Amino acid sequence: MSATIATLTTLFAQQRLQEDGLAALGLTAPLCAMRWSSSSQSATYLSGELALALPAPCAPFSGTLEWLASGSEFIDAAGAPVTDPVAVVRLHPHAAQRLERLAAARFTTDGVLVQPVPATFVVRLAEQPDRTPQRVEAGEALGGDIPPSPQVSFHDTRGMIICPVAVAAMLADLLTALPALHHPAAAGNPGDVNGLASLAALASGNHVMLCDLHGALFTPLPGTGMMVQGGGSPGNANAGHITLSPGQQLQASSTSQQRLHWGWAPNGTLDQLPLQLPALPTSYPPPLFSGAGAPNLTRRFFRVFVVDGEWHLLGNRSQEDIRGIPGDDGNTPTDLRPPVRNHITLGYLTDGPDILAATRQVVERFMNQATGLVMACSPQFQPTGLPPAPGAQAHWPVFPSMSTATFNVGLPSPATGLTARWAAANSADVVVTLAATATPAGTGIRIYPRLFQEIVTIAAEPSFLRGDGGAALADGTNPTEVLLSNPFGLAEGANQPPDPTLVMDVVLAAANGQRRLFGGLSAPVGAPGAAPAPAALGGLSMLDAVPLNMRGICPVPLFGLKPDAVPPSGSPGSVTELLHKFASETTPRTGPRLPMQARFETIVASAIGPAAQDGALAWQAVCTGARWMDESRSAMHLLGNPGNPPGPDVHTNGIRVDGQLAHDLAWHALRRARPLLPLPGSPGGLDGWLLFGSGDNFNLPPEPAGAGSPTGMGALLQTAAPQSETPELSLAPESLFTDPTPSLQAMADDLASRLGSPAPTLDMRNADRQLAQVRREYWVSRNGRRDALWSLRRVLADARELVYIESAQFARTAQPGQAGAHAIDLVNVLLDSMTEHPALCVLVCVPRMTDMQPSHGGWVRQALAARREAALAFAANASVARRFALFHPIGFPGRAIALRGSTVIVDDVYALTGSSHFRRRGLTFDGAVDLATLDRTLDQGYSQRIRAFRRRLMARRLGIAPPAGPATPLSAEWIRLERPRSAFALVQDMLDQGGLGVIEPLWEGPSDDSVLPQTAAVADPDGVDTGNFLPLFASLLGPDA
């Protein structure tokens, strides 16, 4: 018997819509019932719970019916997770989206919906029945497993509660205006018992619920509060629930005007303007709601998000326990804590090409102006071609030049005519030549040499790897020469092996994303010939635009960057002497550091102007953990990173900002490029930042204001170990910096005498500003700085939905028994938070291999063991195990990913972006800069730009292509990345299927014990334990430190 194949045609679809109405769309249509129960017993409104006691409930809309052991993904009227077993009627995502759009058209005058719209109907149960999910139609009884008169509530797409009376009023009006929304099979009328009109009459007025950005009920911090004004005596809004009448306003109390921002959720903007009830439309342009009158909602429900910017971004910087969050260590004076900057343009960057393109734009504005300032710091600099702009212009096939290469069926293999030769007589490099017939014009070429490595046992470690190799672009006319850097992995200074054969894999990339891989090709390596021409890989090198005396570097062999000079030998007599053994007061400058201590941040800042009458300039800056090097031109790894230089497969991220936050970054870069005062033997152009930054051009730029000003908010967070910034300053008497009338000249004279330098003559035009900078440097040099630690301690404790961590390492940030206020293990904080918030998921993206070099085997083994122990702490906890996932992104097959930089995104309302890695040394020992940011524009209850950043960042790591434009069909994976919980479920599904070739689960490390791990005290040191700096690190002096 042959099967009947149904064909969907336009005519057939039109006929179904005419005959069945919106029911033809199935579950994707928001079809509703006129009543929520067929019982003759009326529902009771539970005002304190924003719920109903509803006899024999029916589905209020069509959707799926699920039975959950816990309703923890739903937030109740107290701002707490629902812990009871629940039955959930859930709208299809498309139906929920359509309902939101209809509500926006019906109840707003500008299309911006600030009233929450229901997406789920939650029924509390005594116990979870053994029932599978099923489809349910509007008006259908939910079955015998429901208690006689259960508590029911409505929740939006984020799981936050909505007043059920307001929902009844909203749906009653929509069904009157749009009768097609009524499910044809749903019985009842609005005026029936438990009908929409009857339920809408259970309460009146405008209920407003105040919450923080994570969904908890608003609780004012000390010295802050919200209040209602107008229409009588001021009302206190600090309990989290108020009734707002026409003519009244909701705003911050007078004592907290500068700290709090508030706004309508889900789609408002957090600001400092009084909120009044949004007006309902009085008419509609035809044919919208033809024949229907204006809405008249007797009950409305609103949600207002309130955020204290300092608390949200900096954490608890007091010395008191607040909301269960301990205070900081008290080592930073109050006036020197990181300032929170407002009205900042936030430009999040998700890969190296975008970061380098943003870097180019920041430097170009300075070059185009011909005046101003530019400065930069990075672990190392390398001239590399920078793309013109982030986005398509920084990526294949548009960049480095528009490629139109296509692969025909008859295209010959590159094995034909393949040759290899040494690049020079004493070189380890090899030149491989491919015939023009095998590589059409514009083809991206990548050649990976096969490197075989000895393994102790047969386990998960690969026996061969693909090396970095070489890259080029074919011109389609001439043979293409590709230079491979040390494809045999020869030791430095080793002789060329006799009569070698190079085994390689050749990857060809076309403009349409097609890839051809030719594996195991081989060619004998012949005698050297003429030097090959450098590969023309495009971009504009702009490194020379940054003067040498405005650059700071910190190359550390442990992390793969070799300094030009070996530290002088001899046992240091003090920590200060040890720190200076690694410093180089030349240009570019290398600041003092301890052995194995890194400074990971890259900052590029420029200023043009003036932007204000006092001489302040207009600043822009990029902050990232990526290096200003060829390796950062890395993307599209599955295609072989076409159009870019060869190197490691690198994932990275960053952020571009302007205004006062960019000014803060510029000051940090200046400190990296110059010492506080000139040191003996410093070049003449290195006059010290105290003198260089004393002019009006370093005045703080004005904060933008008014309509249209940027909605970003952020703070620069620094991580630094004590004594490592300006060691001599840390030895100065504290009285110089705590005196009620401190003297800038006295401070400078004291430091100059300790340095053995002449006392400087200071420009006192901006003495107060410079005094603050020197005081800051003193306290950082004396006590260090752990800003990111305090910020993360707060946000991880308050997380409710998803913590996404992307870092070079994931390990405990404090060891058992460690003393001090800074001894905070964020792994335990996460475990506690997941226990307290049973819907919280944690997603960790780390490279398979650590960021430490294989030559430092003990450090690598310690890092891998620490990562394994941290990850298994979640696996060992049954209540959180399935809500934690750690994955390694895969580069080109057979190649590991390197991950530069660090990002933590929490609930899509907080982002930390920079270079403080998730380990003890990353938050206390290594130097780093991060920006903690918030976009105050809300979209569906989340920070608009942060949610978009997290979505694109995860897409890059998971090999998911973001849509190229509004007309591009959306993949199912891209859609799942939209919301935090579905994004976590996507990764979990991928890991359950083995990673699908783009990610892999936790690798626990080598199975052998041929290399002993270094101790945690040395490999992952406590950066506050200054008493052990000399005994721990003096013995590590040498070229590899």
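What follows draws every value from the coordinates through simple rules; no lab data is involved. Bear in mind that the values here come from a model prediction, so they are computed numbers and not experimental data. Backbone-built Cβ (ideal geometry, glycine too); neighbour counts: all protein chains shown.
Calculated on the alpha-carbon coordinates, the convex hull of segment 1-138 measures out at 193 cubic angstrom per residue. Computed on the chain, with alpha-carbon pairs under 8 angstrom and 6+ residues apart, the relative contact order is 11 percent. Let me know the shape class of segment 350-394, please: from the alpha-carbon gyration tensor, a ≥ b ≥ c as square roots of the eigenvalues, rounded when a/c is under 1.5, otherwise prolate if a/b is greater than b/c, or oblate. Taking the square roots of the gyration eigenvalues as a ≥ b ≥ c, segment 350-394 is oblate. For segment 174-274, the normalised intensity computed at q = 0.14, 0.17 Å⁻¹ comes to -0.69, -0.84 (log10 of I(q)/I(0), Debye sum over alpha carbons, equal scatterers, no solvent). For ALA618, the residues whose modelled amide H falls within less than 5 Å of its own, excluding neighbours fewer than 5 places apart on the same chain, are ILE608, GLY609, ALA611.
Would you mind finding the longest exposed-site-free stretch of the chain, with exposed GluC sites (Glu not before Pro) meaning DSSP loop and at most 12 other Cβ atoms within 10 Å?
Longest stretch, sites excluded: 735-1041.
Based on Cα contacts under 8 Å between residues 6+ apart, segment 419-526 shows a relative contact order of 33 percent.
DSSP beta bridges fully contained in segment 464-609 are about 80 percent antiparallel.
The long axis of helix 93-107 is offset from the longest Cα principal axis of the chain by roughly 70 degrees.
Convex hull volume of the Cα atoms of segment 419-526, normalised per residue: 112 Å³. Taking one quarter of the surface of the C-alpha convex hull of segment 800-848 gives a mean projected area of 4.1 nm². Most simply put, segment 806-937 has about 65% antiparallel DSSP beta bridges, counting only bridges with both residues inside it.
For the Cα trace of segment 259-399, dividing Rg by the Kirkwood Rh returns an Rg/Rh value of 1.14. Helix 787-798 and the longest principal axis of the C-alpha atoms of the chain enclose an angle of approximately 20°. Computed from point charges on the beta carbon alone (+1 for Lys and Arg, -1 for Asp and Glu), the dipole magnitude for segment 21-309 about its Cα centre is near 500 Debye. Considering only LEU840, THR576, GLY293, and ranking their Cα positions along the charge dipole of the chain that arises from unit charges at the beta-carbon of Lys, Arg, Asp and Glu, the one farthest toward the positive end is GLY293. 3J(HN,Hα) along segment 992-1009, derived from phi through the Karplus expression 6.51 cos²θ - 1.76 cosθ + 1.60 where θ = phi - 60°, amounts to 4, 9, x, x, 6, x, 10, 9, 9, x, 3, 9, 7, x, x, 8, 9, 10 Hz, with x in place of Gly and Pro.
The tail of the calculated P(r) for segment 825-876 beyond 14 Å holds 60 percent of all Cα-Cα pairs. Of the residues ALA472, GLN276, ALA491, the one whose Cα sits farthest toward the positive end of the charge dipole of the chain, with +1 on the Cβ of Lys and Arg and -1 on the Cβ of Asp and Glu, is ALA472.
Across all Cα pairs in segment 21-309, the calculated P(r) in 5 Å bins from zero up to the longest distance comes to 1, 6, 12, 17, 18, 17, 13, 9, 5, 2, 1, 0 percent per bin. The H on the amide N of LEU886, modeled in the peptide plane, is under 5 Å from the matching H of VAL844, LEU1002, each at least 5 residues off or on a different chain.
Only DSSP H runs of four or more residues enter the estimate; each adds -39500 (n - 2.57), and after division by the residues of the chain the mean residue ellipticity at 222 nm equals -6000 deg cm²/dmol. Calculate how steeply helix 10-20 sits against the longest principal axis of the alpha-carbon atoms of the chain, using the helix alpha-carbon long axis, and give the answer as 0 to 90 degrees to the nearest 10. The helix 10-20 is inclined about 40 degrees to the chain.
The separation of segment 765-828 from segment 281-333, counted between C-alpha centres, amounts to 27 Å. If you take the Cα centroid of segment 8-58 and the Cα centroid of segment 854-895, the two points sit 47 Å apart.
Rounded to the nearest whole Hz, the Karplus-based 3J(HN,Hα) values (6.51 cos²θ - 1.76 cosθ + 1.60, θ = phi - 60°) of segment 487-497 follow the sequence x, 8, x, 6, 5, 4, x, 6, 6, 5, x, with x at glycine and proline. With θ taken as phi - 60° and the Karplus curve 6.51 cos²θ - 1.76 cosθ + 1.60 applied, the whole-hertz 3J(HN,Hα) list for segment 165-172 is 5, 5, 5, 4, 5, 5, 5, 4 Hz, x standing for glycine and proline. The value for segment 278-344 of Rg(Cα) / (2.2 N^0.38 Å) is 2.15. Summary of the geometry: segment 575-610 and segment 926-968, compared by the centres of their Cα atoms, lie 31 Å apart. Once the Cβ-Cβ distance of ALA707 and ALA180 is raised to the sixth power relative to R0 = 35 Å, the FRET efficiency obtained is 0.35. Quotient of the Cα radius of gyration of segment 859-1016 and 2.2 N^0.38 Å, N being its number of residues: 1.16.
Here the label points at GLN258 and GLN319, each 7 Å from Cα along the C-beta direction, are separated by 2.2 nm in the simple model.
Length, then width, then depth: along the principal axes, the Cα atoms of the chain run 93, 88, 56 Å. Around the amide H of ARG303, modelled in the peptide plane, lie the amide H atoms of MET209, ALA265, all under 5 Å away and 5 or more residues distant in sequence or on another chain. Across all C-alpha atoms in segment 466-511, the radius of gyration and Dmax reach 13.4, 40 Å. For the pair ARG754 and LEU872, a Förster radius of 51 Å applied to the C-beta separation gives a FRET efficiency near 0.60, rounded to the nearest 0.05.
The dipole here belongs to the chain: it is taken about the Cα centre, uses +1 on the Cβ of Lys and Arg and -1 on the Cβ of Asp and Glu, and is about 1180 debye.
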